[in-house]
1. Looking at 130, 79, which one is among the small types (Gly, Ala, Ser) and either touching a strand residue (DSSP E or B) at 6+ places or on another chain (Cβ under 9 Å) or touching a residue at least 24 places away in the same chain (Cβ under 8 Å) (or both)?
2. Test residue 234 against the criterion of being modelled with pLDDT under 80 and in contact with a helix residue (DSSP H, G or I) (Cβ under 8 Å, 6 or more places away or on another chain), and give yes or no.
3. Scan the range 52-80 for residues that are within 25 Å of residue 99 (Cβ to Cβ) and part of a helix (DSSP H, G or I) and report the count.
4. Scan the range 18-38 residue by residue and report those that are surrounded by fewer than 16 Cβ atoms within 10 Å (Cβ to Cβ), more than 21 Å from residue 87 (Cα to Cα) and in contact (Cβ under 8 Å) with a residue 40 or more places away in the chain.
5. Tell me, please, whether a residue that is within 17 Å of the chain's Cα centre (by Cα), over 20 Å from residue 47 (Cα atoms), part of a loop (DSSP other than H, G, I, E, B) and acidic (Asp, Glu) can be found in the range 112-134.
6. Residues that are closer than 20 Å to residue 226 by Cα, surrounded by fewer than 21 Cβ atoms within 10 Å (Cβ to Cβ) and of a type in the set (A, V, I, L, M, F, W, C): does the range 153-172 have at least one?
Amino acid sequence: MFRTIGRKYFKQIVQEKTGCIVWFGPFKGLKYVDSATGSQYSPKLIGTYERELHPQVEEIIEMKPNLMINVGAGEGYYAAGLAMRLPELKVIAYEAGEDGQASMKEIAELNGVQDHIDIRGLCDPEALQADIPENGTCVVICDVEGYEDTLLNLHAVPALSRCYILVELHDMFVEDIEKTIAERFAETHEITTTRQDGRSSDEYPFHSFLTRLWSDPVVRYALYERRYNLDMAWHWMKPRNKD
């Protein structure tokens, strides 16, 4: 019960302190809604959400791609965040849940990027193949709870050979998917694997006398991302030959 009260307290404080605007990180200044879809909320407002990927996100921004396809977009953290940072970017955002779609539409409107984001429902290999242009720079960001085994398949989606791909890997749902994806793309892509880091209560930016009285695990809840294990990984895959 004590921990539950603490969690509610931190969510309220984070909302009040940030004004529902991302506090720092690659998407600093992104106006947000009051909840997240399929992920934890407070880390997104604070800006520590998937901070292991901040270098890759900045690399994508420096690349200035023509198109970003976000499969498993949730409420639009990456879709709207990258559209905000790259005003010329076109985004196709797939999200199966209607709640996520509604929140993504709201976030896009709050940040004036609604004309840059095409919100869709389910994605399958045929749809993804059709989305990828023959020319230009295309980035695929994929977080689909194990469906990456079906979606990231060069036989079904040969156009992926020329895409930059950032994929969250779900070995807890598909055994050895990290190894499988790496082997599939070894010939076509340079692959860098990033692993999940821990979180420290020192990263919480809104400490007060009261927050310092809470136990460390409760404070860290504000940064907690509800990962299924302590070895979450992502592949950042860059095409060897885009021609």
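The values are calculated or read from the model by the stated rules, or taken from the named source; none is laboratory data. Every value quoted in this text rests on a predicted model; they were computed, and no experiment measured them. Don't worry about glycine lacking a Cβ; one is built from the backbone with ideal geometry, like all the others, and counts go over all protein chains shown.
1. Values: 130 fails: either touching a strand residue (DSSP E or B) at 6+ places or on another chain (Cβ under 9 Å) or touching a residue at least 24 places away in the same chain (Cβ under 8 Å) (or both).
Going through 130, 79 in turn, the sole match is 79.
2. Numbers: modelled with pLDDT under 80: no; in contact with a helix residue (DSSP H, G or I) (Cβ under 8 Å, 6 or more places away or on another chain): yes.
Considered against the rule, which asks whether it is modelled with pLDDT under 80 and in contact with a helix residue (DSSP H, G or I) (Cβ under 8 Å, 6 or more places away or on another chain), residue 234 comes out as no.
3. Of the residues in the range 52-80, the ones within 25 Å of residue 99 (Cβ to Cβ) are 53, 57, 68-80.
Among the residues that remain, those that are also part of a helix (DSSP H, G or I) are: 53, 57, 77-80.
So the answer is 6.
4. Residue satisfying the conditions is 35 alone.
5. Scanning the range 112-134, I find no residue that is within 17 Å of the chain's Cα centre (by Cα), over 20 Å from residue 47 (Cα atoms), part of a loop (DSSP other than H, G, I, E, B) and acidic (Asp, Glu), so the answer is no.
6. Yes - at least one qualifying residue is present in the range 153-172.
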